[in-house]
Amino acid sequence: MNPVIDFPTMPPVDANDASLPKTQATFYRLLHQWRTSDPEARLTVEQTLWAIFGQTQAIMILDMSGFSRTANTQGILPALSMIQHMNTIAVPQLEAQGGQIIKSEADNIFAIFPTVDAAVAASFNTFKAVQAEGLNVAIGIGYGSIFVIEDPVYQDFFGDEVNLASKLGEDTAEGGELMITDAAYRQLQASDPRWSEFHLGISGIQMVAYQYQFEESGLSA
């Protein structure tokens, strides 16, 4: 959440107006109104939030491997240079499969895709491209209804599947590993025996997820 926003002094907006601009300011004004409203009024605000910002998407959380180690052993500039190099390789691979980059923070890329299959295809291509350059990434994918802020200056997304994909991509998967949530797995159009189910408990969350089993000789999808 953006700390520069002064929530108590925000002018109210019409919570019934689904034509409000899809900006950061609109989102946080409505969120503040939801938090400070009575239960009946909250329902109206929530419906408007979903009408303006709600989308059903595949969510990708990409985490570069080795950033902390490089920063610790070589210094921050080599580590930052490595992030920059990874982005120049990965972003075109994601966009080629219809991915929309929501934001890039530290050594992470956050993106959405119209389908899980597109996100998985982008993952395979990204693994191959970055590994060819001596880099590696871990990827988590989710799928579901989320809030997407597409402000020209500020973009972000929020939702349960965003959180779960983050747990997989940032906290669980290692370099070269692709993990998807149960909701994402159920959206796959083609069956593939190389998806292996596992159960995970992390940060108080119990979840079913799937990991793609690449061939030992190298990436092969």
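When the helices in the chain are scored as -39500 (n - 2.57) per DSSP H run of 4 or longer and the sum is shared across all residues, what 222 nm value do you end up with, to the nearest 500 deg cm²/dmol?
Values: 7 runs with 84 residues, N = 221.
Dividing the helical sum by the residues of the chain leaves -12000 deg cm²/dmol.
For LYS103, list long-range residues whose amide hydrogen, built 1.01 Å from N in the peptide plane, is under 5 Å from its own amide hydrogen.
Residues meeting the criterion, in which the H sits 1.01 Å from N, are PHE110.
Residue by residue, what Karplus-based ³J(HN,Hα) values in Hz, rounded to whole numbers, does the stretch 97-112 have, using 6.51, -1.76 and 1.60 with θ = phi - 60° and x for Gly and Pro?
Listing the rounded values in order: 9, x, x, 10, 6, 7, 6, 10, 10, 6, 9, 10, 10, 10, 9, 10 Hz.
Convert each backbone phi in the stretch 178-189 into a coupling constant with the Karplus relation 6.51 cos²θ - 1.76 cosθ + 1.60 (shift: θ = phi - 60°), then list the ³J(HN,Hα) values in order as whole Hz, x for Gly and Pro.
Taking θ as phi minus 60°, the curve returns 10, 10, 10, 6, 4, 4, 5, 4, 5, 8, 4, 7 Hz for the stretch 178-189.
Considering amide H positions built from the backbone, and no H for Pro or chain starts, which residues 5 or more places from GLY176, or on another chain, come under 5 Å of its amide H?
Amide H to amide H, under 5 Å and 5 or more residues apart or across chains, GLY176 pairs with VAL137, ALA138.
Which lysines does LYS22 reach when only Cα atoms under 19 Å apart count, and residues fewer than 8 places away in its own chain are ignored?
LYS22 reaches LYS103.
A short reminder: the numbers here are calculations on the coordinates, not readings from a lab. A quick note: this is a predicted structure, and the numbers were derived from the prediction, not measured.
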